[in-house]
Structure formats: structure tokens, C-alpha cells
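**Q** Input: one structure, supplied below.
The values are calculated or read from the model by the stated rules, or taken from the named source; none is laboratory data. The model shown is predicted, which means the values in this text are computed figures rather than measured ones. Note: ideal-geometry Cβ built from the backbone for every residue, glycine included; neighbour counts use all protein chains shown.
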């Protein structure tokens, strides 16, 4: 049976996300979806595996579980912004997208992006205030004595200043996180998530701070990202390449998968297995 190659129109009201398939059958190999609260701890674990060594100096005395719990709480905040944006309230424009294993519906990759910059930064409500019951904070939180909180804060401030210096007054789609479970890398999940983000925030440059591994830089360069600077943080981390993809640049992200299907206008969220 032929499968439609027509793109889903992403509207302000429903904002559906595509599902893609990459085989010659009608069975999806990867499901792309909006994140749900149940996905947050698993996304935090994937991030800890992928970025753990890079950010280990920010958790000087704690075990990996501290990173997982810390990221879980941070992702909670990003998830609330995502919900607020979808509901049309004045949180910062944000999307939290995931790729799922179609058999288990477990998250195998995720991408988080926020709109930042512009001539004058718009004033947004705090996501936890505008969507007060959007999520339930997870009870576990690492011992603050084992977390370099001030270092994290300084890093975030320096990253923001560096972004302004790098992109000037452009309004950009800042890819905060793009992570794929190492056991399923090279399946196209990361590329498809980036392609979806480019479509969701059409017309905006994609900006990110890349991992320092050669494979990460090669991946983004293959997608036509250009290195426009670097983020060097007190020698704690290796300088992170700052990369940007102009909306008018032809990229492999523009290419459709061989086969592709649309979501209905109001998709039914999948039920996660225990």
C-alpha cells in the first residue's frame, strides 16, 4: 500500500508531530512523538550516558545517579515550558520531542529546543507558574553539597553571553539537547529529531553547542551546520564548538525519508509500558 509523502502541517493550535518509517514495509521502525512526563527520567539517563564524561567535573564528588536526578529536575522545567507553549500560554517557545522504540514505546532519543534571542528578548512567564500543575516534581534530588550548583549557574550564564556574542541579535532555535541512546545510534533518530525541530520552528536558524567528540562534529557538519565560535568554560570542559544552521541553507535535514506517514490532527498519546 502506498504511503503518503505529504508533510504534516504543524499549526499553532494542535502542533502535531510526524511519525516516520524507514523500511519498505508499513511497520514503523521509530515513532516520533511529544514527550510525556513519564519519559523524563529515561531521557535524563540517556543524557547522563551521552554527556556524563563531558560534565563530570560539574559533579565532582557524586555518583552517576546524582547526574540523573539533577538532569531529571532540569528536564522537568523544560517539559513544563514545552507544555505551556503547546497550550498557547506565555512560556518561552519550547518543544521536547522524543523518538520511541515502536515495540516497547520506550524513549531511545530526544531533542529539546527553545527559542531565544531577538532584538529584544520577550518577557515570558516562568513555566512552573503559568502551568502550575503541569508536572509533579520528582522526589529524588541529589545532595546539594555534591553538586557544583554555582558552577552550573556560571556555566549557563557564560553560555548565554557566548550565544549573544556569536549570533548577535538574531532570534534562534537553540537546540539545548540532542541525545541518542548509544545502543541505537546510526539509526537516523537524531537526524529525524533535528529535521522535526527545523520544521516546528521554521524560518529560524538552529544553534547548538556540540559535543567535543569527532563523531558529533562530523554529524553536524554533514547536516550543513557551520562552526561560528566556541564555548570555553574555565578549563573545566573542553571548548564546545558553537554551530549554526541557517534556515536558507540546503541541508540533508531537508530530505524526506524514503517513506513517511502523517499523524492525525489530534494524535492519541501512546500508552507506555511499565
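**Q** Mind checking which residues of the range 34-64 are modelled with pLDDT of 90 or more and out of contact with any helix residue (DSSP H, G or I) (no Cβ under 7 Å at 6 or more places or on another chain)?
**A** Within the range 34-64, 34, 36, 38, 39, 42, 46 meet the criteria.
**Q** Something else: I'm trying to understand the selection: among the residues of the range 181-214, which are more than 26 Å from residue 93 (Cα to Cα), assigned to a helix (DSSP H, G or I) and within 18 Å of the chain's Cα centre (by Cα)?
**A** Within the range 181-214, 182, 184 meet the criteria.
**Q** So, one more: Suppose we filter the range 224-240 for residues that are in a strand (DSSP E or B) and either modelled with pLDDT of 85 or more or closer than 11 Å to residue 166 by Cβ (or both); how many remain?
**A** Qualifying residue count, the range 224-240: 6.
**Q** Out of 102, 28, report the one residue that is touching a strand residue (DSSP E or B) at 6+ places or on another chain (Cβ under 7 Å), surrounded by fewer than 20 Cβ atoms within 10 Å (Cβ to Cβ) and modelled with pLDDT under 80.
**A** 28
**Q** Residue under question is residue 199, and the condition is that it be without any contact (Cβ under 8 Å) to a residue 60 or more places away in the chain and under 12 Å from residue 253 (Cβ atoms); does it hold?
**A** When the stated conditions are applied, residue 199 does not pass them.
**Q** If you go through the range 229-237 one residue at a time, do you hit one that is over 21 Å from residue 54 (Cβ atoms) and surrounded by 15 or more Cβ atoms within 10 Å (Cβ to Cβ)?
**A** For the range 229-237, residues over 21 Å from residue 54 (Cβ atoms) and surrounded by 15 or more Cβ atoms within 10 Å (Cβ to Cβ): absent.
**Q** Would you please name the residue that is farthest from residue 164 (Cα to Cα), looking only at residues in the range 109-128 that are buried (at least 23 other Cβ atoms within 10 Å of the Cβ) and modelled with pLDDT of 60 or more?
**A** 109
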